[in-house]
Amino acid sequence: MPVGARVFTTVDPAFTKNKNSDDSAIVTWAFYWDKVYILEYTAWKFDVWELQDKMIYHINKRNPEKIGIEAFAAQVTIAYWLRAELDRRWVHCPIEEIRQVWDKESKIRRLLPLYRKWLIYHRRDMDLLEKQLREFPRGKHDDVIDAVQMLYNMYELHPNTTSTHEMPTIRYDSNGRPVFN
């Protein structure tokens, strides 16, 4: 990971341990300029308490600036429980509830231009991530890449650059045409 990168964690929680249900996915990644580096992910059928422990593992290991948890229906309670547990353990990490408005396929397809432009990097041994990317949208599961696409939400909340755009001053030449400074 480059020095000076900004680290974030995103979580796509699932609630059941049924054989055919979705996995919970936790992805920790870093922004460095316009590039994204996927550092680590965890995906499995966790119960709520196991999921909470895995999120705390990511927080303790990578020290993200913020953790984003998808907030849809009952998933909102996971953020509440995690806040309480972090307070109990004296661990500080802001938690952002991510409310998404796009359908799942549209959200994940937004990753395509970033991968095509070589703006997202991950290790070759991240087999589950590779499998979900290759099989999307026909694959059985897409939990890890769904957590990866939340990088857009975290980026919109905390961009890695500050806008310095100023309104141009408009002058007019002798013919009345605008001249921009």
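Its residue count N fixes a reference of 2.2 N^0.38 Å for the chain, and the Cα radius of gyration divided by that reference is 1.24. Between the helical axis of 76-89 and the longest alpha-carbon principal axis of the chain there is an angle of about 80 degrees. The long axis of helix 48-62 is offset from the longest Cα principal axis of the chain by roughly 50 degrees. The HN-Hα couplings worked out from phi for region 92-105 by the Karplus form 6.51 cos²θ - 1.76 cosθ + 1.60 (θ = phi - 60°) are 9, 7, x, 10, 10, 7, 9, 10, 9, 10, 8, 6, 4, 5 Hz, whole numbers, x standing for Gly and Pro. Bridging of Lys140 to lysines at a Cα separation below 28 Å is possible for Lys17, Lys19, Lys45, Lys54, Lys104, Lys107, Lys117, Lys131, once same-chain residues fewer than 8 apart are set aside.
Each residue of region 115-124 was assigned a 3J(HN,Hα) from its phi angle through the Karplus expression (A = 6.51, B = -1.76, C = 1.60, θ = phi - 60°), giving 5, 5, 8, 6, 9, 10, 10, 8, 5, 5 Hz with x at Gly and Pro.
Full extension of the chain between Lys17 and Leu119 gives 33.3 nm of extra length, using 0.36 nm per residue less the Cα-Cα distance. Of all DSSP beta bridges in the chain, what percent run antiparallel (nearest 5)? Approximately 65 percent, going by the DSSP bridge assignments.
Taking amide hydrogens as placed 1.01 Å from N in the peptide plane, the amide H of Ala14 sits under 5 Å from those of Ser24, Ala25, each at least 5 positions away in sequence or on another chain.
Taking other C-beta atoms within 10 angstrom as a stand-in for reagent exposure, Glu96, Glu105 fall in the order Glu105, Glu96, fewest first.
Dividing the summed helix terms, -39500 (n - 2.57) for each DSSP H run of n ≥ 4, by the number of residues in the chain produces a 222 nm estimate of -10000 deg cm²/dmol to the nearest 500.
Kindly provide log₁₀ I(q)/I(0) values, in the same order as q = 0.13, 0.19 Å⁻¹, from the Debye equation applied to equal alpha-carbon scatterers of region 91-158. Log10 I(q)/I(0), no solvent term: -0.41, -0.83. The overall shape of region 5-96, judged from the alpha-carbon gyration tensor, is oblate: a/c is not under 1.5, and a/b is no greater than b/c.
No lab work stands behind these numbers, since they all come straight from the coordinates. As the structure is a computational prediction, the values presented were derived from the model and not from experiment. Cβ atoms come from the backbone with ideal geometry, glycine included; neighbour counts cover every protein chain shown.
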